[in-house]
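Below is one structure, written out as structure tokens, with a few remarks after it.
The values are calculated or read from the model by the stated rules, or taken from the named source; none is laboratory data. Owing to the predicted nature of the structure, the values given are computational and were not obtained by experimental measurement. All Cβ positions, glycine included, derive from the backbone under ideal geometry; neighbour counts span all protein chains shown. Please note that ligands, DNA and RNA were not included when accessible areas were found on the heavy atoms of the full protein model with its side chains. Shrake-Rupley method; radii C 1.70, N 1.55, O 1.52, S 1.80 Å.
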Amino acid sequence: MLGVENTLVGFPNTDYISSEKTRKRIDAGKVREVGKNENLNTEVLIDMQPNLIVGFGLNNSNPSLDILQKSGLKVMFNGDWTEQSPLGKAEWIKFFGALYGLDSKANSVFIEIEKEYNATLALAKKATRKPTVLSGAMFQDQWYVPQGESWAALFLKDAQADYLWKDSKGTGSASLPFEVILEKAQQAEFWIAPGDFSSLKQMSDSNPHYQEFESFKNKKVYSYAVNKGAKGGILYFEWSPTRPDWVLKDFIKIFHPELVPNHTLFFFQKLE
């Protein structure tokens, strides 16, 4: 978005990058693989001697980054992932604007996103009803749902949907037994983000009980996992933090299609 992709020289798990410009640079050997976020290849990074490493740490710790700092490399922490409000995440473009001396460009990009988001938000308020929504899926023997104060839940609220766990406290995920989900959400009209499934058959093969939900029976299940990059990276994970306006438009198209007749779904696709 700032036009500085040529400065990227290393990245953890490059398969997750779907940007066509950056994929060309990876294929040409200009962006090196540096391991995994929590277990970086310190030897490769010390050999590369980058001007700056932008990283993050869960629970204030990332041992690899400590080693790199001790070797004399500069490390900065990016905290965009801790933001809960959709526009709050997007505003972190200003962090990169400051790094590159592109403050005014970063500001103008963010102002445009903010304007689009707020205009879409105003449009959503014209909705005459709030459809009920279920989210998440089973992992091992628990169902994970976004908590009511989380980034994902705030989008549903802004899109004038009645998310069934909207009143739960917390900004992460809550793990619940299947029976609790079925009792509360069996009649939910829509099912949003059922894990990484990309078809209804995949879902029912994984767990036949998914077929007990009305949203599944009525084919009102929408997933972010269908739209992928060249190496299988899910575009939603790459783009949604920076383009919350696109996410909100997708949700309004799903819940209130009459309000955005010309919008084509980008992140979320209806599962067949």
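What is the distance, in nm, between label points placed 7 Å from the Cα along the Cα-to-Cβ direction at Leu123 and at Val180?
3.7 nm
How large is the translational diffusion coefficient of region 178-225 in µm² per second when you combine the Kirkwood radius over alpha carbon pairs with Stokes-Einstein at 20 °C and 1.002 mPa s? Don't skip to the answer; put the middle values down first.
Numbers: Rh = 10.7 Å.
Value of D from the Cα-based Kirkwood radius: 200 µm²/s.
Quickly rank 84-94, 163-173 as a protection proxy: mean count of other C-beta atoms within 10 Å, highest first.
In decreasing order of mean packing, 84-94, 163-173 become 84-94, 163-173.
Viscosity 0.692 mPa s, temperature 37 °C: Stokes-Einstein D of region 30-88 from its Kirkwood Cα radius, in µm² per second?
264 µm²/s
Where does each of Tyr117, Tyr224 land when they are ordered by accessible area, with a 1.4 Å probe and the largest first?
Order by accessible area, largest first: Tyr224, Tyr117.
Is the shape of region 41-156 rounded, prolate or oblate, going by the alpha carbon gyration tensor and its root eigenvalues a ≥ b ≥ c, with a/c under 1.5 for rounded and a/b larger than b/c for prolate?
oblate
Enter the Cα centre distance for the pair region 55-101 and region 188-235, rounded to the nearest angstrom.
When both Cα centres are located, 32 Å separates them.
Defining a contact as two alpha carbons under 8 Å apart and six or more residues distant in sequence, what relative contact order in percent does the chain show?
17 percent
Would you compute, for the Cα atoms of region 112-158, the largest minus smallest coordinate along each principal axis and list the three values in descending order, in whole Å?
For region 112-158, the Cα spread along each principal axis is 41, 27, 14 Å.
Calculate, for Val9 and Gln142, the FRET efficiency according to 1/(1 + (r/R0)^6) with r their C-beta to C-beta distance and R0 35 Å; round to the nearest 0.05.
0.30
Alpha carbons only, please: Rg and Dmax for region 208-247, in angstrom.
Just the Cα atoms of region 208-247 yield Rg and Dmax of 13.7, 36 Å.
Can you give the helix-only mean residue ellipticity at 222 nm for the chain, where every DSSP H stretch with n ≥ 4 adds -39500 (n - 2.57) and the sum goes over all residues, rounded to the nearest 500 deg cm²/dmol?
-10500 deg cm²/dmol
Could I have the simple spin-label model distance between Gln49 and Lys228, label points 7 Å from Cα toward Cβ, reported in nm to one decimal?
Taking the simple label geometry, Gln49 and Lys228 are separated by 4.0 nm.
For region 67-106, what size does the Cα cloud have along each of its three principal axes, sorted from largest down, in whole Å?
Each principal axis gives a Cα extent; for region 67-106 these are 36, 25, 5 Å.
Roughly speaking, to the nearest percent, how much of the chain's 1.4 Å accessible area is carbon and sulfur?
51 percent
Just want to confirm a number: the relative contact order over region 185-261, from Cα pairs under 8 angstrom separated by 6+ residues, in percent.
26 percent
Give me the extension gain from Ser206 to Lys24: residue separation times 0.36 nm, minus the current Cα-Cα distance, reported in nm with one decimal.
On the way: separation 182, 0.36 × 182 = 65.52 nm, distance 3.58 nm.
Here the answer is 61.9 nm.
Quick one: the Cα spread of region 132-272 along its three principal axes, in angstroms, biggest first?
That works out to 38, 33, 27 Å along the principal axes.
Per 0.36 nm of contour for each residue apart, how much would the distance between Phe237 and Leu265 grow if the chain were fully extended, relative to their Cα-Cα spacing?
So the extension gain works out to 8.5 nm.
Rounded, prolate or oblate for region 1-42? Axes are the square roots of the Cα gyration tensor eigenvalues, ordered a ≥ b ≥ c, and the cut-off for rounded is a/c under 1.5.
prolate
I want to check the label-to-label distance for Asn218 and Val75. Put each point 7 Å from Cα in the C-beta direction and report it in nm to one decimal.
Result: 5.0 nm between the two label points.
Take the Cα of Lys169, step 7 Å along the line toward its Cβ, and report every residue of region 128-163 whose backbone nitrogen sits under 16 Å from that point.
Those under the cut-off are 147-150.
Would you please name the GluC sites (Glu not before Pro) within region 94-166 that are DSSP coil residues with at most 14 other C-beta atoms within 10 Å of their C-beta?
Counting only loop positions with at most 14 other Cβ atoms within 10 Å, none of the GluC sites (Glu not before Pro) in region 94-166 qualifies.
Taking each pair of different alpha-carbon atoms in the chain once, compute 1/r for the pair, average those values, and report the inverse of that mean as the Kirkwood hydrodynamic radius in Å to one decimal. Let's see the in-between values first.
Numbers: mean 1/r = 0.0489 Å⁻¹.
Answer for the chain: a Kirkwood hydrodynamic radius of 20.4 Å.
Taking amide H atoms as placed 1.01 Å from N in the peptide plane, list the residues 5 or more away in sequence, or in a different chain, whose amide H sits under 5 Å from that of Gly35.
Correct list: Asn13, Asn41.
Give the relative contact order (percent, whole number) for region 1-99; include only Cα pairs under 8 Å separated by 6+ residues.
It comes to 20 percent, rounded to a whole number.
Using a 1.4 Å probe, what is the accessible area per residue for region 1-70, in Å²? Write out the running numbers ahead of the final one.
Numbers: 4520 Å² over 70 residues.
Heavy-atom SASA per residue in region 1-70 reads 65 Å².
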